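Below is one structure, written out as structure tokens, with a few remarks after it.
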């Protein structure tokens, strides 16, 4: 059995719900009770109570730093001229 306390610390994080013999679905943990984890599944209007053994926590998203070259163009004016802009 999966430890319910690990889900208590993960409220707000993304999970994958893998029920028996069904396709996986994505959701976000909204709250945790003594026996169930409440998950807002994509496409549902209300949180659903799910047993923790059917849930798999997603890794926390990593934020790209300000120095990441994909986010920062050191010569934007040169690129605009090459693309035919101003």
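The values are calculated or read from the model by the stated rules, or taken from the named source; none is laboratory data. On a predicted model such as this, the values are computed, not experimentally measured, just so you know. Quick reminder, even Gly has a Cβ in these numbers, built from the backbone with ideal geometry, and neighbours come from all protein chains shown.
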Exercise for review: Would you be able to say whether some residue in the range 12-32 is outside any strand (DSSP E or B), closer than 21 Å to residue 59 by Cβ, in contact (Cβ under 8 Å) with a residue 40 or more places away in the chain and touching a strand residue (DSSP E or B) at 6+ places or on another chain (Cβ under 8 Å)?
Suggested key: yes
Exercise for review: State the number of residues belonging to the range 19-55 that are modelled with pLDDT under 90 and in contact with a helix residue (DSSP H, G or I) (Cβ under 6 Å, 6 or more places away or on another chain).
Suggested key: 1
Study note, to complete from the structure: With the first residue restricted to the range 33-46 and required to be without any contact (Cβ under 8 Å) to a residue 60 or more places away in the chain, and the second required to be assigned to a loop (DSSP other than H, G, I, E, B) and surrounded by 11 or more Cβ atoms within 10 Å (Cβ to Cβ), Cβ contacts under 7 Å at 6 or more apart or on different chains are 36/51; 38/47; 39/47; 40/47
